[in-house]
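Read through the structure below, which is laid out as structure tokens, and then see the notes.
The values are calculated or read from the model by the stated rules, or taken from the named source; none is laboratory data. Values in this document were obtained by computation on a predicted structure and should not be read as measured data. Ideal geometry is used to build each Cβ from the backbone, glycine not excepted, and the neighbour counts take in all protein chains shown.
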Amino acid sequence: MAGSVAKLHRVIVDKDRCSNCGFCRFVSTCYSPGECVGCLACYWACPHSARVVVEDRAPASFVKIVVDGNDLVVPSGVTVARALEISGFTFSKPGAKGISTPCGVGGCWSCAVLIDGSLERACVTPVKSGMIVSTKVEDLEPLRVVHGPEPHLVGGKATPWWEVDYSRYVEAAIWVAGCNLRCPQCQNYGVTYDNTTSPITPSRAARLIARCHREYLTRGVAISGGEPTINRRWLVEFFSELSKLVKPKVRKHLDSNGTILTPDYVDELVEAGCNNIGIEPKCARVSSYMKITGISDPDLASQYLETAWRAAEYVWEHYSDRMYLGIGLVYNADLVSLEEVAEAGERIASIDRRIQVTVLDYFPAFKRRSIKRPTVREMLMVKKMLEDVGLETVVVQTSRGHIGPGNRNLSLAKQP
């Protein structure tokens, strides 16, 4: 799990920081009220950093549970996920096939197992005496927390810039909860950390978004987050079902941080029908990536950053004839220098100068509220710098709308 903290620690409330915003009551709730089991969901999700991790000094006690038909004794006061690990169960890596714990807050449902006959999340569910757990869930349709669908005027990093004119809906979109990053300035944290909304199956999500697409006559359908890729089985099944419900030429758009998009995963998504992908490495340097994403482990940060860049390279090399690619960068002077933006631009140009590049102007949000949103002038400087290194299709997000190639204000644009 990203930014890991010892799993047998507990979380307490710092009342001086708590603003009673209600986020922990209505969006990211506790599934073990009255007895912290150290899942850390509230720690990661609190917008005001009012949760503090402390060492658990209480003497250990134990309970008996049944896992895949085997009687086991495990510590009490822990999550089912922790109990499984203690009993020798190995979770898959994020993005791999199998049960994994990539988000750790209960939004992505990648950790779902059968608990007393019902599919439930191992990462936030407290272990109880007599509990019967089965990790054999391959034949059950996966679940995930989903927001939307809604029609979208702008789209994402890989929405072809010429389709955006702020007068017509370009995509029908859904957003899924859960992420393997811990960005302190998460621009969509109300979705990312949602573990209370009832989850739905990929087939249900596909039907909903296809209906929205037909109702609003959009050119594309899209999934964003959170991070869609961390529940691999759900995402692949979603695109497979969606491809049956919309016409082949409809853009089926994935917005991803790219951190776990290995070549075999990309291949599987293309086979499932994904034909439009936005990958967001964010920056060029590991030190900046750690600051932006909240990842404290430099090795993990390096792995995530390089995987995202290589995913973009792989998509362009192998699928540029059948998949529209967009690459996402970010800018805020407190997080990334202009020089590093140029460095990232040079890497994109080395792949191909024609690739659409979208730069997000990071603004104060979530736990990082002290930064200032870049001005329109700053974002135009970013745009010029990227064009100066040879990139032909640069779009920058600004407080006054998106500005595309040739300083074309997309809010006033007409389709070429």
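For the residues V67, V73, the requirement of being over 30 Å from A311 (Cα atoms) and buried (at least 16 other Cβ atoms within 10 Å of the Cβ) singles out V67.
Looking only at residues in the range 336-368 that are surrounded by fewer than 22 Cβ atoms within 10 Å (Cβ to Cβ) and among the small types (G, A, S), which one is nearest to the chain's Cα centre (by Cα)? Once the filter is applied, the top-ranked residue is A365. Of all the criteria given as (1) surrounded by 17 or more Cβ atoms within 10 Å (Cβ to Cβ); (2) within 18 Å of the chain's Cα centre (by Cα), the one not satisfied by K97 is (1). Pairing each residue of the range 75-98 that is closer than 19 Å to L300 by Cα with any residue that is among the small types (G, A, S) and surrounded by fewer than 16 Cβ atoms within 10 Å (Cβ to Cβ), provided the two are 6+ apart or on different chains, yields C-beta distances under 8 Å for F91/G98; S92/G98. When P59 is tested against (1) in contact with a Gly (Cβ under 8 Å, 6 or more places away or on another chain); (2) modelled with pLDDT under 95, just one condition goes unmet, and that condition is (1).
Number of residues in the range 19-32 that are touching a helix residue (DSSP H, G or I) at 6+ places or on another chain (Cβ under 9 Å) and more than 10 Å from P47 (Cβ to Cβ): the value is 3. Scanning the range 227-277 for residues that are assigned to a helix (DSSP H, G or I), in contact (Cβ under 8 Å) with a residue 60 or more places away in the chain and either crowded, with 23+ Cβ neighbours inside 10 Å or not charged (D, E, K, R) (or both) yields T229, I230, R232, W234, Y265.
Among the residues of the range 256-283, those that are closer than 19 Å to Q303 by Cα and acidic (D, E) comprise D264, E280.
Note on the range 16-34: residues that are surrounded by fewer than 17 Cβ atoms within 10 Å (Cβ to Cβ), within 18 Å of R121 (Cα to Cα) and in contact with a Pro (Cβ under 7 Å, 6 or more places away or on another chain) total 0. Within the range 368-402, the set of residues being touching a residue at least 40 places away in the same chain (Cβ under 8 Å), more than 20 Å from R354 (Cα to Cα) and either of a type in the set (D, E) or in a strand (DSSP E or B) (or both) comprises R368, E378, G401.
Of all the listed residues (L335, L325, L329, L305), the sole one being in a loop (DSSP other than H, G, I, E, B), in contact (Cβ under 8 Å) with a residue 12 or more places away in the chain, in the same structural domain as P281 (by TED's automatic domain parsing) and not acidic (D, E) is L335.
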